[in-house]
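Heads up, the thing below is written out as structure tokens.
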Amino acid sequence: MAEPTGTIKADVKNLDFHYSSGHHALKDLNMPIAENRVTALIGPSGCGKSTFLRCFNRMHDLYPGNRYEGEILLHPDNVNILSRNVDPIEVRMRISMVFQKPNPFPKSIYENVAYGLRVRGMSKRSQMDEKVEKALQGAALWDEVKDRLSQLATNLSGGQQQRLCIARALATDPEIMLFDEPTSALDPIATAKIEELVLDLRERYTIIIVTHNMQQAARVSDWTAFLYMGNLIEFDETGKIFTNPANKQTEEYITGRFG
Amino acid sequence: MPMHRHFDEELKELKKKLLRLGGMVEEGIVNAIKSLVERDSELAHKTIDADHNINALEVEIDEDCIRLMALHQPAAKDLRLLTTTLKLIDDLERMGDLAVNICERALELNKESTLKPYTDIPRMAVQTQQMVKECLDAFINEDVELAYKVCDEDELIDDLNTQILRELITFMAEDPTTISRAMRVIFVSKNLERIADHAVNISQSVVYMVKGKVIRHTISSHPENQ
Amino acid sequence: MTAEDLKEIRALISRHKLWDYLFATLGLLAMLAGILVLLALFINLFMEGAPRLTTDFFTSFTSRRPERAGILAAWAGTTLVMFVTASVAVPLGVAAAVYLEEYASKNAITALIEINVTNLAGVPSIVYGLLGLSLFVYKMDLGQSILTAGLTLALLILPVVIVATREAIRAIPGSIREAAYALGATKWQMVSDHVLPYSSAGILTGVIIGLSRAIGETAPLIVVGALTFIAFLPQSPISPEFPYVSFAWLKEPFTVMPIQMFNWTSRPEEAFQVNAAAAGVVLLIMTLTMNAVAIYLRYRIRKNIKW
């Protein structure tokens, strides 16, 4: 399997994951995450791609009984973010997430984007104004909402809400952005806008995206990982995976012959 | 307002590469005729070597098209653009090969004295070059009118080809020692005529791409003639 | 589908619709029965007591002469006792519910606690009175005072507040919590910035329900020592010298509206019955006003909370 040639942002080493129910969801995963590139995780339902994604920001810690084995080394400081000695809150300060169903807070648009800044202790209004505007512009939402920042976020359309959630995740200058099936709940036009947004963000942010729509992975990612039943079957450049995958299972999945 | 897409950037890059390929092929044709008319054998050798670059670029564009189709699942006009590109580079690559053939004939003819001053061959060459340029312009600009014009211009090429053939047959009949040279000139004319045919093919593909209508294999292509 | 089948289906649908109509009618009658009875009671009470609702009814103390007896001490007492009850029950109840929902680990012990909290809401109120008597009046030596009454009633309505808070917290979808955590919030930040603000409507509802119950409690307050005949008000909470706030009123004896009403109904003179009815009208209006305020506040808050 090919390896990214540029800087590596994170290294997954021998990652195993067990849910509290005993289910062995991830089996010995090894994978580099290229910096400022989009890495997509694809695979059939239940293959572990969302489980894998949530390891990166320690979301599994919120529910007791889950167990990580192995390491995810975050560069440049080479720290294992899965280690018990590393506070999950610290990890979440460095790695942000956008969820499947848009989940803006029932607060104003401004407060939604600013919440991450408040959590980090920022309180000066002028400073926050600047960062909020930058984040909303980065999420291609500024022009649509600049005149109604104090209005309730939940009055926006589904696609706008999701872009707001992306702005919220951008505002804190994350080192890695995690997208968990960000367009599953959206209509085709909103989906296309989000995909273009991801392509805009690529090169400035390291992005890992989970999608059950493999054509989406083909359109937006640089590197693709195919998972099945908790195992990493193939990891390669997206162009290669979709024109000439090395593994027969990958080929069957891509051509829709799975199952 | 249609949304800006990153895919559009990639299509732009693809078109640029195609124009480069077209330019290389045009240059090949020009140099091939030059090496014949000016009896420049060194130019002929250089042109034959340059064909490698044409082939390499053709392969590159081919792979690009496959990749773009696999990764972006294009539909409608975008899909026709990519499938037309695949056809185009085929025709262009053949044109390159035909230019190489002309060079090889030139090398042979340059070893002997000229049969007669070249008048019709250059005329054919100019017209052929124009057709090649126009069919590529038609592709880039999605200009259906221009594409139809190219199809019409083929008539002149066919006429010139017939004229050259008749003239050289007379030569060969009068003086058998001219046969080998005359045959080679006939081959050159034939190659030019084939190049022009490929330009017509390209134009017909352009009409399909723009209109979604197949006009290949029809005798009189212009809609006024239907 | 053939014409025969269609006929059959049509007959079937009309038979089913008959049952539909029948139940709708029965439901309407049942609802009307309940409402009409309540309405009748209110109107009866109002008609009997309304003539007595003059200004001096509100500003006089009780008296042996019915035409001079008023509810001043009673409604002042009710107000002060409710104030103490709310001040104690709300923070305790909300904090307990937040702890149970957000901080406590889910095991057998917490499950047991949760079940028992719900059970406590069903304990007869007089038992709370006995508890208040032995604990607050004697053990802690707080005497038969407003403070004791407030604390006893606070215990009474605590389960209601806890359960209402708990339900309001549970209504917050997990996706909002995850979003807050994903931004790097600690548990307390998530609770104070999100859980509490979004559940405030539900909490308010629970508090009002609890207070509405407490305002009408008579038995536990009698046990704890509410007086039936008071001719003076407790000391004012605002004092003329520093620190301008006095807590002396907490230790004073008191009476409340229901007890005053109870006292009047046990007198032979018919005029006292009218007084009791008038007091009942006042109590009713106080309760309805509290509920109306709660509903309005809830509406205002709910408008902005959408997931």
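The values are calculated or read from the model by the stated rules, or taken from the named source; none is laboratory data. It should be emphasised that the depicted structure is a prediction, and the values quoted were computed from it without experimental measurement. All Cβ positions, even for glycine, are placed from backbone atoms using ideal geometry, and neighbour counts span all protein chains on display.
Among residues that are within 25 Å of C:PHE229 (Cα to Cα), at pLDDT 85 or above and in contact with a Phe, Trp or Tyr (Cβ under 7 Å, 6 or more places away or on another chain), C:ILE146 is included.
Only a single item in (1) modelled with pLDDT of 95 or more; (2) in a helix (DSSP H, G or I); (3) within 14 Å of chain C (Cβ to nearest Cβ) is not met by A:GLU90, and it is number (1). Determine, yes or no, whether B:ALA56 is without any contact (Cβ under 8 Å) to a residue 60 or more places away in the chain and among the hydrophobic types (A, V, I, L, M, F, W, C). Yes. Restricted to helices (runs of 4 or more DSSP H) entirely inside the range A:210-259, those with at least 1 residues that are in contact (Cβ under 8 Å) with a residue 12 or more places away in the chain and in contact with a Ser or Thr (Cβ under 8 Å, 6 or more places away or on another chain) are A:214-220, A:238-243.
Taking first residues from the range C:283-305 that are within 14 Å of chain A (Cβ to nearest Cβ) and partners that are modelled with pLDDT of 85 or more, the Cβ contacts under 7 Å between residues at least 6 apart in sequence or on separate chains come to C:ILE301/C:SER200; C:ILE301/C:ALA201; C:ARG302/C:ALA201; C:ASN304/A:PRO106; C:ASN304/A:LEU152; C:ILE305/A:PRO106; C:ILE305/C:TYR198; C:ILE305/C:ALA201. Filtering C:GLU217, C:GLU270 for residues that are of a type in the set (D, E, K, R) and either closer than 27 Å to C:LEU135 by Cβ or surrounded by 14 or more Cβ atoms within 10 Å (Cβ to Cβ) (or both) leaves a single hit, C:GLU217.
Against the criterion of being more than 14 Å from chain B (Cβ to nearest Cβ) and at positive phi, A:ASP173 qualifies. Examine the range A:130-150 for a residue that is free of Cβ contacts under 8 Å to residues at least 12 places away in the same chain, in contact with a Leu (Cβ under 7 Å, 6 or more places away or on another chain) and either more than 9 Å from every other protein chain (Cβ to nearest Cβ) or not charged (D, E, K, R) (or both), and state whether such a residue exists. Looking for residues that are free of Cβ contacts under 8 Å to residues at least 12 places away in the same chain, in contact with a Leu (Cβ under 7 Å, 6 or more places away or on another chain) and either more than 9 Å from every other protein chain (Cβ to nearest Cβ) or not charged (D, E, K, R) (or both), one finds at least one in the range A:130-150, hence yes.
Residue count for the range C:175-197 under the criterion of being at the interface with another protein chain (Cβ under 9 Å from one of its Cβ atoms) and either part of a helix (DSSP H, G or I) or in contact (Cβ under 8 Å) with a residue 24 or more places away in the chain (or both): the result is 12. Between A:ASN80, A:ASN85, A:ASN66, the distinction of being more than 9 Å from chain C (Cβ to nearest Cβ), touching a residue at least 24 places away in the same chain (Cβ under 8 Å), among the polar types (S, T, N, Q) and surrounded by fewer than 21 Cβ atoms within 10 Å (Cβ to Cβ) belongs to A:ASN66 only. Within the range A:151-170, the set of residues being within 11 Å of chain C (Cβ to nearest Cβ) and basic (Lys, Arg) comprises A:ARG168 only.
Checking each residue in the range C:54-78 for being within 15 Å of C:THR255 (Cβ to Cβ), touching a helix residue (DSSP H, G or I) at 6+ places or on another chain (Cβ under 9 Å) and of a type in the set (Ser, Thr, Tyr) picks out C:SER60, C:THR62, C:THR78. Which one is surrounded by the fewest Cβ atoms within 10 Å (Cβ to Cβ) among residues in the range B:62-99 that are within 11 Å of chain A (Cβ to nearest Cβ) and not in a helix (DSSP H, G or I)? Checked the range B:62-99; the qualifying residue surrounded by the fewest Cβ atoms within 10 Å (Cβ to Cβ) is B:GLN73. Residues in the range C:230-245 include none that are in a helix (DSSP H, G or I) and either crowded, with 17+ Cβ neighbours inside 10 Å or at pLDDT below 85 (or both). Scanning the range A:143-155 for residues that are within 19 Å of A:PHE105 (Cβ to Cβ) and surrounded by fewer than 17 Cβ atoms within 10 Å (Cβ to Cβ) yields a count of 5. Report, by residue number, each residue of the range B:27-72 that is touching a Leu at 6+ places or on another chain (Cβ under 9 Å) and among the polar types (S, T, N, Q). Across the range B:27-72, the qualifying residues are B:ASN31, B:SER35, B:SER41. Which members of the range A:180-223 meet the condition of being within 20 Å of A:LEU26 (Cα to Cα) and either of a type in the set (Gly, Ala, Ser) or in contact with a Leu (Cβ under 8 Å, 6 or more places away or on another chain) (or both)? Passing the criteria: A:ASP180, A:ILE208, A:ILE209, A:VAL210, A:THR211. The test for being under 18 Å from C:LEU211 (Cα atoms) and within 14 Å of the chain's Cα centre (by Cα) does not hold for C:LEU151.
For the range C:100-111, the criterion of a residue being part of a helix (DSSP H, G or I), buried (at least 18 other Cβ atoms within 10 Å of the Cβ) and in the same structural domain as C:LEU80 (by TED's automatic domain parsing) is satisfied by at least one position. The set of residues in the range B:141-163 that are touching a Leu at 6+ places or on another chain (Cβ under 9 Å) and closer than 14 Å to B:ALA199 by Cα contains only B:ILE157.
Within the range A:117-127, the set of residues being within 14 Å of chain C (Cβ to nearest Cβ) and outside any loop (DSSP other than H, G, I, E, B) comprises A:LEU117, A:ARG118, A:VAL119. Among the residues of the range C:147-174, those that are within 14 Å of chain A (Cβ to nearest Cβ) and crowded, with 17+ Cβ neighbours inside 10 Å comprise C:ALA168, C:ILE172.
Between C:ILE126, C:ILE115, the distinction of being aliphatic (A, V, I, L, M) and loosely packed, with under 14 Cβ neighbours inside 10 Å belongs to C:ILE115 only.
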